[in-house]
Amino acid sequence: MKNENIFKAVVGTGAGLFILGCLVAAINGEFNLFSIILILIGAIGLFYSLYVKKQEFKQIITNRATRYGINAFIYSLLFIGIIAFIQAIFSIHSLQFDLTKSKKYSLSDQTKKVLTSLKNNVDIYYFYSVQARNIQIEDTLRQYEKMSPKIKFQSIDADRNPALAKRFNINKYGTIALNRKDNDAVERVEELTEQAITNALIRISKNEKKKIYFTKGHGEPSIEAPQNEKNGLSVIKKEIENENYQVSEIELFNSTGVPDDCSILVISGPQVDLFDTEVKYIKKYINKGGNIIFLYPAFSKLPKLESILKEVGIEPDNDVIVDKFSRMLGGDFLMPIISQYESHDITRSFGIATFFPMCRSFEIKTGINGITVQAIAKTNPGSWGETDLNGIKRGQAGFSEKDDKKSPLTVMAISNIDNSIFKADSDLNTNNTKAKIVVFGSSEFINNTYLSVSGNRDLILNTISFLAQQGELISIRAKDKSFEPLFMSKIQGRMLFIIPTVFLPLLVLAIAIMVFVRRRMGY
């Protein structure tokens, strides 16, 4: 009797340790040393029990009922194995059917074409917060991954992975980062749409870096200045290069024109006016569909530069923006706070205030054939355009109803030029190209001192990204996300209820009864 109790204790302890070891391994997700020891001790206990009672175990095995049980167990394992094998195959090679009328859960043909022609490995990261996670965009990105073996997708909790978020310069939840593996190029996407993601994929796939030229020779701040030079542009140069562009300086008066590989020409804060030959070069560049950024601050009077802007519908005012509210925030009253943005691709989802030191305003002119001008950023209430520049230089500022300009005033605008209608110069012919000119009333907001202030950096980089993308974007029509109800007749509704809840269970029960009766009758 005592030996029997010891035997039962050994069997129970061995089985318990074996099961405990398996549970520990399942919870930890791996077989660590502790779980392996538990499993080994439990297995030794079970095998010892079988050895001691081998005669009884042999009789149990040879019993007819036991054989049936073992056979049933083996068939059950075989069935489970087949199901697991099929599931594994479908996990690797899954099929997806979009039964919606508008195919709103399928990738567009344009995206599929881009993905199938992809030659470089690209990692896509979606940075989310636990409080706001877009499951739908994750499903879309998984479709990208399934469509192309070159794409690897990961969802990243930005709060739990700050190092990775910092590596890709992620400052906002809900941002997607694309990282090309061979050259470590990075594209960020804040607009969570298929069109924006695919366009970013197109840009990052290009092997040639787009070139951006800053003019020099007219007193413009240099992009090669040391970073500790307050008026230099070396910091913005580095930021642009981090966006996968190539940045250079150019003296237009020593060139034969704007280079053919120029994606964007930047004219930032010149102190001396342009030469006639440079004006011709710039107009010819506009006629070829070029993109230009003018940063034209207050206290400058450059007639030839202004003539280019006036021809495309943007007339500079001879004023300086005064904003006394900026003084309350620790700034200067000549550094207005800009927080009013018009609806445009540059400022889409852009809700950050910017600071424009030494800023002038612009008037928008309409009615020019082939020219469409839109204001992008305006001053806040309480500021004004001071026209007494000499008084400002003496430190005097006061609003004059008669002479000064009331807010809101345009401090950033874009001119869209259709060269099939507009002629930049009488010597040039019309063509089918389109040019864009963006003008800022401040040049200092991108220098080494002010670039990192609030949203200044994001605004200029958004502008560069927008201009550089023109001509190569694809357009994907937004899919209809409206609810599509399933309408059924009364009979169809009843059948939908009866078949799964009544008929199928009765069918299984009938089969079971039939099998039971046949076995009892000895068939």
Seminar exercise, completed: Karplus ³J(HN,Hα) for the stretch 433-440 (6.51 cos²θ - 1.76 cosθ + 1.60, θ = phi - 60°; Hz, whole; x = Gly/Pro) runs 7, 10, 10, 9, 10, 10, 10, 10
Exercise. How far, in nm, would the chain grow between Val508 and Lys402 when pulled straight, counting 0.36 nm per residue and subtracting the alpha carbon separation?
Worked result: 29.0 nm
For this session: Compute the distance in nm between two label points, each set 7 Å from the Cα along the Cα-to-Cβ direction, one at Thr501 and one at Leu389.
Result: 8.1 nm
Exercise. Residue by residue through the stretch 175-180, which ³J(HN,Hα) values in whole Hz follow from phi under the Karplus form 6.51 cos²θ - 1.76 cosθ + 1.60 (θ = phi - 60°), with glycine and proline marked x?
Worked result: 9, 9, 10, 9, 10, 7
Exercise. Taking neighbour Cβ counts within 10 Å as the exposure measure, how do Asp123, Asp323, Asp182 sort from fewest upward?
Worked result: Asp182, Asp123, Asp323
Exercise. In what order do Cys359, Cys262 fall by count of nearby beta-carbon atoms within 10 Å, going from fewest to most?
Worked result: Cys262, Cys359
Problem set entry | Which of Ile392, Ile292 has the fewest Cβ neighbours within 10 Å, and the rest in rising order | Ile392, Ile292
Seminar exercise, completed: Rounded to the nearest whole number, the per residue volume of the convex hull around the C-alpha atoms of the stretch 109-202 in Å³ is 86 Å³
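Just so you know, all these numbers are worked out from the coordinates, no wet-lab data involved. Model, not experiment: these values are computed from the prediction. Backbone-built Cβ (ideal geometry, glycine too); neighbour counts: all protein chains shown.
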